[in-house]
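Chemist: Structure below; questions to follow.
The values are calculated or read from the model by the stated rules, or taken from the named source; none is laboratory data. Predicted, not measured: the structure shown is a model, and the values here were computed from it. Neighbour counts are summed over all protein chains in view; Cβ atoms, including those assigned to glycine, are modelled from backbone coordinates with ideal geometry. Surface areas here come from the heavy atoms of the whole protein model, side chains and all, with no ligands, DNA or RNA. Shrake-Rupley method; radii C 1.70, N 1.55, O 1.52, S 1.80 Å.
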Amino acid sequence: MSPHRPSSKYLPLAIVLALGLGLAGCGGDKADTTAKPAAPAGPTAEEVAAKQAAAQQAAALAALTPEELKKRGNEALREQRLYAPAGDNAMEYFIALRKKTEKPDASAESALIDLQPYAVIAAEQAIGREDFVEAERLRGLIESADAQAPALPRIADAIAKGKVAAANRVTEEAARAEQQAKAAEEAKTRAAEQAAAAAAAARTAAQPAAPAPQPAAPQPTRSEPPPQPVAAQPQPAAPQPTAAAPARPSGGLVPISTPQPAYPPEARRAGASGEVTVSFTVNTDGSVSDVELVSAKPRGVFDRSVQGAVRRWRFQPTDSAQTVTRTFTFRP
């Protein structure tokens, strides 16, 4: 078909035509350095539904007379339904008109030439937002209007690559979500193990020390005068194994229960040592409150164990509240 100058009623389309051709040309000049994507495994449910709808729309258009197709095509053109919605746009009406008539309608053919750049731009925009069903529908319109259109190979390749990229992204996101769930489960397990170890260490530290055996008094003999009774010196209690060695509270405080902080399992496995200083208030009823961290070397390793243990300390009631500072030393 020879080139045709657009009529006055298609003048708005001709004015914008240069913009559409420029955008299409820019897209074609770029070098394709990406690897050729693999072919999709098969049509999705959305694509199958779109093909079924397209078949129904084609049957409805085939039932119209040439006069009705031309009339509806011109109405869609005036109302700017150039290539959408599916089944009710100017391009589809004029393509159906071409199939109905032996001699091409000049005005319809001219309109199809003018409308192709708009369909190309719309197809590229649909690919950009990953609406591949709409992009494929527009590619089919362009191919039906002109099977030799230069933009067809580029659009088909972009649709195929876009589908592969979208599928890869979904796979990567699923794998990342699985890794995050696994990491959260492992962290939960470690926290439970640490809590169990801390509770076991607290129970061990709270057990009273066994009293040291007293030496037996010497028996008097007949040849020696009986010795004068002397007060037996109390033997020190055997030290309890603990991760920290706090000083005995002063200022008249009498401890009732002072469980020692547990040695964190991770620090023990790593052979880490450290020192933590805390201050706390002994209330008049003997309970402990306001446990604050003064210093910790290193920070974040033994802090929680010390603060948790000190909060459970109990003393005999006093006349007034007292603020106490204690330092705990950890050695592997």
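Chemist: Could you compute the net charge surrounding Gly274? Neighbours are other residues with a C-beta less than 15 Å from the C-beta of Gly274; K and R count +1, D and E count -1.
Modeler: Computed value for this residue: +4.
Chemist: First select every other residue whose beta carbon is under 13 angstrom from the beta carbon of Leu152; then total the charges, Lys and Arg +1, Asp and Glu -1.
Modeler: Taking every Cβ under 13 Å from that of Leu152, the sum is -3.
Chemist: What accessible area per residue, rounded to a whole number of Å², is obtained for the stretch 41-96 using a probe radius of 1.4 Å?
Modeler: So the stretch 41-96 comes to 56 Å² accessible per residue, rounded to a whole number.
Chemist: Using the beta-carbon distance between Ala60 and Ala166 and R0 = 41 Å, what value does 1/(1 + (r/R0)^6) give for FRET efficiency, to the nearest 0.05?
Modeler: 0.85
Chemist: How compact and how long is the stretch 272-332, expressed as Rg and Dmax of its alpha-carbon atoms in Å?
Modeler: My reading of the Cα-based Rg and Dmax gives 12.4, 41 Å.
Chemist: Let me ask another. What would the Debye equation give as log₁₀ I(q)/I(0) for the stretch 47-164 at q = 0.21 Å⁻¹, counting only Cα atoms as equal point scatterers?
Modeler: For the stretch 47-164 at q = 0.21 Å⁻¹, log10 I(q)/I(0) is -1.18.
Chemist: Here is a further query. Please list, by residue number, every one of the trypsin sites (Lys or Arg not before Pro) in the stretch 263-332 that is coil in DSSP and has at most 11 other beta-carbon atoms within 10 Å.
Modeler: Here the trypsin sites (Lys or Arg not before Pro) that fit, given the DSSP loop and packing criteria, are Arg299.
Chemist: What is the packing order of peptides 78-84, 319-325, taking the mean over residues of other C-beta atoms within 10 Å and listing the highest first?
Modeler: The densest-packed peptide leads the list: 78-84, 319-325.
Chemist: Oh, and also: Please compare each pair in Lys71/Lys99; Lys163/Lys188; Lys70/Lys161; Lys51/Lys100; Lys71/Lys103 to a cut-off of 27 Å on the Cα-Cα distance and tell me which ones are over it.
Modeler: Lys163/Lys188; Lys70/Lys161
Chemist: Need one value: the accessible area of Asp88 in square angstrom, 1.4 angstrom probe, rounded to the nearest 10.
Modeler: 60
Chemist: I would also like to ask the following. Send over a whole-number figure in Å² for the accessible area per residue of the stretch 270-332, probe 1.4 Å.
Modeler: 53
Chemist: So, one more: With Cβ to Cβ distances under 14 Å as the rule, what net charge do the other residues near Leu293 carry (K, R +1; D, E -1)?
Modeler: +1
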